[in-house]
C-alpha cells in the first residue's frame, strides 16, 4: 500500500511546490495540537508488536492494512502458514489508539499480483472475517487498491458484495485525472455501501495537501461524506533513495488541510515515532508529562 514506485514524478520540481504549500500554514496552526482520527498499521514481521503514543493526536481507530499478505497469515485459523512473529491481538486491542479496529483482510504486497489474483484474495478474506479476534472490529478493509488505470477494477464491484460490512477499500490517482473524474469513475461501479480511503499522494509529491482536499470534497459530493476518509501519507522520498518519515511541519500541513474529514496516518509503526507524535501534539504531550 502507498508504494513510492507508482509515480514517475519529477520530485525536485514538485518538492518546491510542496515547500511553498507548507509556508501557507498559519502561525496559529504551529502552536495547536494536530489531530488525526486513525492510524494505519502495515503489518509485517518487523512490526508485529506495534507501540506508539498515537493517542496524543486523538487517534482511537486502528486500520490494519491486512491480516494475510503474500500467502502468510497474521491471524490463526485461516488454513495458511502463519507469520514468524504473530501479533498479540489482545494487547493491541487494549491500546487507546485501537479502541475501534478496521480489520484488513487478504492482500498481496505486489500490486500487479494482487490485481491478478483478486478472486483468490476475496476467498481468503472471507475466511479472515470468520476468525474471532479480541478486537472491537468496527469494519473491514479489502486491501487491493484501485486507481483509474486498472481497467478491470469495475469487476471488483460484484466481488465486494460477498464481503462483510461495513467495508472499505482505498483509491489513489496515479495519473491525476482530478477529483471529479475519480469520483464519477468510482460511482459507476463501486457498491453504494462501500467506503473509500483516498490516498492523498503527498508522500511521493504527487500533490500538495490543498489539492488533496479538493479531491476529498469532490469524492464527498459524489459518494456522500460518510463514505470518504483520507490517508495522510506520513513519508517522503529519501535523499538517497527509499523513504523517510515526514517531519512535523509536513504532517501538520496535511492534517490542517483535511479538517472535517477523518484522517488516518500511514503508517504508525514505520513513520510516526513517539517524538514525532509529541511534536505534532505538544499540548497533549505536556498534559501527559511527555513533552519533547
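Here, each number is a calculation from the coordinates, and none is a lab measurement. Not measured: the values here are computed from a predicted model. No Cβ is skipped: glycine too gets one built from the backbone with ideal geometry, and neighbour counts run over all protein chains shown.
Data table
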| quantity | calculated |
| --- | --- |
| Percentage, to the nearest whole number, of Cα pairs in the range 135-292 over 22 Å apart | 46 |
| Efficiency of FRET between residue 192 and residue 136 - r from beta-carbon atoms, R0 30 angstrom, step 0.05 | 0.70 |
| The range 13-287, relative contact order [Cα under 8 Å, separation at least 6], % | 23 |
| Global form of the range 34-123, assessed from the alpha-carbon gyration tensor, a/c cut-off 1.5 | prolate |
| Cα shape, the range 13-287, gyration tensor, a/c 1.5 rule | oblate |
| Sequence of 243, 197 once ranked by neighbouring C-beta atoms within 10 Å, starting from the fewest | 243, 197 |
| Length added when fully stretched, residue 210-residue 174, from 0.36 nm per residue minus Cα-Cα | 11.2 nm |
